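See below for the structure under consideration.
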Amino acid sequence: MARKVAIHTLGCKLNFAEGDTIVRNFEATGYQTVDFKKKADVYIINTCSVTHVADKKSRNLIRQAIKHNPDAIVIVTGCYAQTSAEEIANAIPEVDFVVDNLHKKDFFTPENIKSLTKQIKPEIINDNIREENADFFPSYSISFRTRSFLKVQDGCDYTCNYCTIPHTRGHSRNAPVFEVVRMAEEIVAQGVKEIVLTGINIGDFGHSTRETFFDLIKALDKINGNIRYRISSIEPNLITSEIIDFIADSEKFVPHFHIPLQSGSDKILRLMQRRYNTSLFRNKIEEINEKIANVGIGIDVITGYPAETDEDFETTYKFLSSLEFSYLHVFTYSPRPLAKSSKMKPVSPNRVISERSRILHELSNKKREAFLKKNIGATRTVLFENDEINGKIYGLTENYIRVVTYFDSRLVNTVRKVKITQIHDPAENTCLCEIVQ
């Protein structure tokens with residue numbers, strides 16, 4: 001009987017790409033993948049550490065795995081394993097391996113997987129990820145079937161004061177364009193219809209190979225096959241006019257951007273040590289809207305950053321209100337031990353931060369509803385998903401509107417033209433649609 005492996009991945013799309021690749025390496029050695037809640041011979045907890053809540057979730061999952069099967073090999077990897085290896089080993093001695101991000105590539109090889117055994121005490125496989133020899137772990141997800149997260153870049157050389165990424169992911173590095181193209185061709189050959197380009201700072205692609213992100217998207221655009229590409233979060237200062245022009249003309253790259261702002265106050269942006277100001281950000285949003293029809297734009301914003309006053313928050317609110325975009329991702333500031341901002345004062349009371357978050361969520365709902373209304377009656381291209389939910393099937397338009405219609409098995413994993421007929425649920429970014437072709 002085949003041995004069984006179970007994985008639970010937390011966090012970003014990049015982590016999911018790596019987690020899927022790790023599981024495929026186990027399957028290559030004869031393992032069978034099972035649900036994390038079932039009994040397995042090996043449990044992998046692929047952790048996140050972006051907030052203290054993520055740390056807590058990681059610890060709970062580790063204990064769940066041990067409870068499911070006390071005799072199983074338990075492996076903890078990811079960003080929490082990077083920042084808190086000793087803490088994990090001391091608090092949960094039943095863990096067998098704590099593997100940092102730098103060693104994912106070498107630890108989870110088929111050769112090493114075959115030799116895994118339980119340990120008397122946790123073995124910590126951890127290193128200084130800031131070393132210049134940090135390797136790149138080529139990865140992509142395939143378990144979502146209709147959509148794949150393709151890792152094109154890792155690490156970051158920016159020094160934003162609230163962020164621990166340089167400590168958890170190391171310096172900026174990437175695979176060469178030809179290797180990313182090879183992985184994309186593998187994904188297309190498996191019938192996936194959408195590839196989401198992901199990384200820590202994907203606009204910085206080429207840092208380690210003397211190429212550019214523009215070189216990458218031009219090469220991917222030439223791949224044959226029924227595929228479309230979506231760019232995940234990209235820094236505003238790295239969105240060049242040539243990238244915008246290219247996406248405006250491309251038939252494969254969808255009209256959707258997700259751009260981190262973090263604050264609409266130049267004072268707070270300086271305290272965060274971001275590499276742009278609100279003037280640059282406004283210019284990028286206006287250029288995108290001017291050049292790309294019906295574009296969807298998502299914006300990240302953080303509330304509750306140390307030293308954010310009522311006036312700073314009001315400035316952010318007014319700035320966001322003046323922009324044309326589709327939705328917000330609102331994050332509540334979470335101090336991380338390795339981040340410089342963890343020592344900054346003053347910190348607003350939780351009730352104040354919660355109220356600011358509520359106000360921004362309300363603004364996001366207004367912007368989202370306005371964007372949905374603008375698309376009513378329009379024909380859009382939708383990639384339908386696999387699951388049937390209460391007799392319905394869902395999909396995403398090219399400009400990131402979630403649509404729903406009656407389930408038909410012939411729609412599964414197909415790209416169809418639809419007419420958007422009415423808003424279904426603005427809070428969930430969903431509209432009803434009719435199939436056109």
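No value in this document is a laboratory result; all are computed from the given coordinates. These figures come from a predicted structure and were not determined experimentally. Here the Cβ is made from the backbone with ideal geometry for all residues, glycine too, and neighbour counts use every protein chain on show.
At-a-glance table
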{"item": "The range 319-437: C-alpha gyration tensor shape, a/c 1.5 cut-off, then a/b vs b/c", "result": "prolate"}
{"item": "Rounded if a/c under 1.5, otherwise prolate or oblate - the range 4-125, Cα gyration tensor axes", "result": "rounded"}
{"item": "Farthest toward positive dipole pole in the chain [+1 Lys/Arg, -1 Asp/Glu at C-beta], among Thr159, Ile200, Phe144", "result": "Phe144"}
{"item": "Cβ-based exposure ranking for Tyr158, Tyr400, in which fewest neighbours within 10 Å come first", "result": "Tyr158, Tyr400"}
{"item": "Sorted by Cβ neighbour density within 10 Å, fewest at the top, the residues Asp249, Asp100", "result": "Asp249, Asp100"}
{"item": "Hz values of 3J(HN,Hα) by residue in the range 201-215 - Karplus curve (6.51, -1.76, 1.60), Gly and Pro given as x", "result": "9, 5, x, 8, 3, x, 4, 9, 10, 6, 10, 10, 4, 5, 4"}
{"item": "Derived scalar couplings ³J(HN,Hα) [the range 19-24; Karplus, 6.51 cos²θ - 1.76 cosθ + 1.60; whole Hz; x for Gly, Pro]", "result": "x, 4, 5, 4, 5, 4"}
{"item": "Pairwise label distance in nanometres, Phe178 with Asp106, each label 7 Å out on the Cα-Cβ vector", "result": "2.6"}
{"item": "Amide H within-cut-off set for Phe36, under 5 Å, with H built and near neighbours excluded", "result": "Ile7"}
{"item": "Solitary cysteines of the chain, where the nearest other Cys Cβ is not under 4.7 Å", "result": "Cys12, Cys48, Cys79, Cys156, Cys431, Cys433"}
{"item": "³J(HN,Hα) computed for each position of the range 110-116 - Karplus, 6.51 cos²θ - 1.76 cosθ + 1.60, integer Hz, glycine/proline x", "result": "x, 5, 6, 4, 4, 9, 5"}
{"item": "Amide H partners (placed H, <5 Å) of Lys4, local residues excluded", "result": "Gln32, Asp41, Val42"}
{"item": "By average C-beta atoms within 10 angstrom, highest first, the peptides 56-62, 422-428", "result": "56-62, 422-428"}
{"item": "Structure-based [θ]222 nm, the chain - -39500 (n - 2.57) summed over DSSP H runs of at least 4, per residue, nearest 500", "result": "-10000 deg cm²/dmol"}
